[in-house]
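Since every read-out is calculated from the coordinates, none of them should be taken as a lab result. As the structure is a computational prediction, the values presented were derived from the model and not from experiment. Reconstructed Cβ throughout: ideal geometry from the backbone, glycine too, with neighbour counts over all protein chains shown.
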Amino acid sequence: MPNHIHALIATNAKFELGRIVQAWKSLTRRRINALLSRTGALWAKDYFDR
């Protein structure tokens, strides 16, 4: 499936996983959209963590 990613993220008490994922998705959305000359949503609104 080309529309998702698997990642392992190490966290600590200072940074919540949700904030890390939100920041990462925001940065990658802007960069990918710039490369593809497009705008708008790229990732799903939520994430599934285990």
Item to check | Label-point gap, in nm, between T39 and E16 - each point 7 angstrom along Cα→Cβ | outcome: 2.9
Checklist outcome for this item: If one builds a Gaussian network model of the chain from Cα atoms under 10 Å apart, the most fluctuating residue listed among A34, A13, A23 is A13
Item to check | For the chain, alpha-carbon Rg relative to the globular expectation (2.2 N^0.38 Å, N residues) | outcome: 1.26
